[in-house]
Amino acid sequence: MTSALRTELMDIAKRAAAYINRLNGECQTFEIEGATMTAVISYEAEIGEDPGDYWTAPAWWIERESTKVRALYDNEEGEEDPEAARWLENMLN
């Protein structure tokens, strides 16, 4: 993996993490486009909930979450890069 590719994957990971933060636990598959690569990412989360009682308000939280990189394509050639996809998935989890 070249340093240019690693830099682009770090940028994609940063943008994906920012997008995931805005999801607030909602499961979604989305696409992040870089300069030369496009990543298809699937985010899944399990929500825990406390209905509250007389003294406490209802609350919810994310119990478990996972991110899977479904595909990572080269924009010019359209070929997948499984090694880079695994690296990106490790960065997101």
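Using Cα pairs closer than 8 Å and at least 6 residues apart in sequence, work out the relative contact order for the chain, in percent.
25
Once you wrap a convex hull around the alpha carbon atoms of the chain, what is its projected area averaged over all directions, in nm²?
About 6.3 nm², averaged over all directions.
Using just the helices of the chain, give the 222 nm mean residue ellipticity in deg cm²/dmol: DSSP H runs with n ≥ 4 each add -39,500 (n - 2.57), and the total is spread over all residues, rounded to 500.
-11500 deg cm²/dmol
Taking the dipole about the Cα centre of the chain, with the C-beta of Lys and Arg at +1 and of Asp and Glu at -1, give me whichever of A59, T29, T2 is farthest to the positive side.
Final value for the positive-end residue is A59.
Kindly sort S66, S3, S42 by accessible area of their heavy atoms, largest first, with the probe set to 1.4 Å.
S3, S66, S42
Using +1 on the beta carbon of Lys and Arg, -1 on that of Asp and Glu, and nothing else charged, what's the dipole of the chain about the Cα centre, debye to 20?
My answer is approximately 280 debye.
Send over a whole-number figure in Å² for the accessible area per residue of the chain, probe 1.4 Å.
Heavy-atom accessible area per residue stands at 68 Å².
Test of the criteria: in the chain, which chymotrypsin sites (Phe, Trp or Tyr not before Pro) are in a DSSP loop and have at most 14 other Cβ atoms within 10 angstrom of their Cβ?
Hits after loop and neighbour filter: Y54, W55.
Measure off, as a whole percent, the carbon and sulfur share of the 1.4 Å-probe accessible area of segment 1-41, all protein chains present.
Answer for segment 1-41: carbon and sulfur cover 50 percent of the accessible area.
Return the single residue from A45, A16, A57 with maximal mean-square fluctuation; model: Gaussian network over the chain, springs between Cα atoms under 10 Å.
Fluctuation is largest for A57.
Say we join alpha carbon atoms closer than 10 Å with springs in a Gaussian network model of the chain; which of T56, T29, T67 then has the biggest fluctuation?
T56
The values are calculated or read from the model by the stated rules, or taken from the named source; none is laboratory data. None of these values were measured; they are calculated from a predicted model. Neighbour counts are summed over all protein chains in view; Cβ atoms, including those assigned to glycine, are modelled from backbone coordinates with ideal geometry. When the accessible area is computed, the model is the full protein with side chains, heavy atoms only, and any ligands, DNA or RNA have been set aside. Shrake-Rupley method; radii C 1.70, N 1.55, O 1.52, S 1.80 Å.
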